[in-house]
Amino acid sequence: MANAFDFELNADENVTKVIDEINAKLNSLNPNLAKTKEGLKFGGSESTDGVDVLGTKLRDMSRYAKDNVQHIGDIVPPLKNVGELATKYAGIGAKIGGIGMAASGISKGFQLMNDMGKEAYDFDVAAKNSAMNVPDFTRIAGAMRYLGISADDAKKSVEGFYGILNHPLQGRRKEARAELTKMGVPLYENDHGTIDVYKTFPEVVKAMQKYPSDVQNTIAEKIGLDENGLALARKGPETYQELLSKADRDGLTRSQADNDKLNQYNDKKK
């Protein structure tokens, strides 16, 4: 039983293989969990108090991850972090001897991975819908986060940039096209003949600086830019680039490789 959690998760490992291994370890513990719980009843208050303390620590760790990081994969390389969390949970459980609680800790680690797998899928879909790769999409969404915008709202706003800029390019929103032309915003095409959002949006940011805030708001209404996109556009080219760099620095930009690995895990558990 002491070696029940003898595993390690690294970013370069095959995720599905490791998950299968951890599942096997947890399955081997299941028959013993009831016995462990029953045994604690006869171990006096010291045993139960120790497990209570562990439970509190695990709960606080989980709450910290959710409250302060939102989605932990936004801030740090996701696979490495999950491995570290799993090791912490297993290590604390081994020190106190609370096997059942150690299993609970690993379950929390699985929940984090499930959340990140779902997030990876969402990023993949949103990036494809926007004709962008995952790094470029998450870099812009990450830049928005520094403006106090939530991860979900940032994702929705950036995904909306595609329609805002592609419709005028395709000749579908004439008023928006006229407004962008008046502003001097070039509409760059990608290889598929649709809008290159990553290249075009900085031109919107640059052009916005020629107008006072009330006119900026009117422009946003005409072209369909929401309040989050307007807030980012108002920052100006220099600050916009700084925010993109911060997103890279702080891990808000998701690499394509990491997102693909998490997506593979997400597919595996279906």
Members of the stretch 157-194 found to be charged (D, E, K, R), farther than 20 Å from K222 by Cβ and either touching a Lys or Arg at 6+ places or on another chain (Cβ under 7 Å) or without any contact (Cβ under 8 Å) to a residue 12 or more places away in the chain (or both), listed by number: D191
Positions within the stretch 153-173 being surrounded by fewer than 16 Cβ atoms within 10 Å (Cβ to Cβ) and at pLDDT below 95, in sequence order: G171, R172
Answer yes or no as to whether Q209 is more than 18 Å from V134 (Cα to Cα), touching a Pro at 6+ places or on another chain (Cβ under 9 Å) and polar (S, T, N, Q). yes
Please work out which residue is modelled with the lowest pLDDT, limiting yourself to the stretch 212-253 and to residues that are in contact with an Asp or Glu (Cβ under 8 Å, 6 or more places away or on another chain) and on the phi < 0 side of the Ramachandran plot. L252
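The values are calculated or read from the model by the stated rules, or taken from the named source; none is laboratory data. Everything numeric in this text was worked out from a predicted model, so none of it was measured. Glycine also receives a Cβ, built like all others from the backbone with ideal geometry; neighbour counts cover every protein chain displayed.
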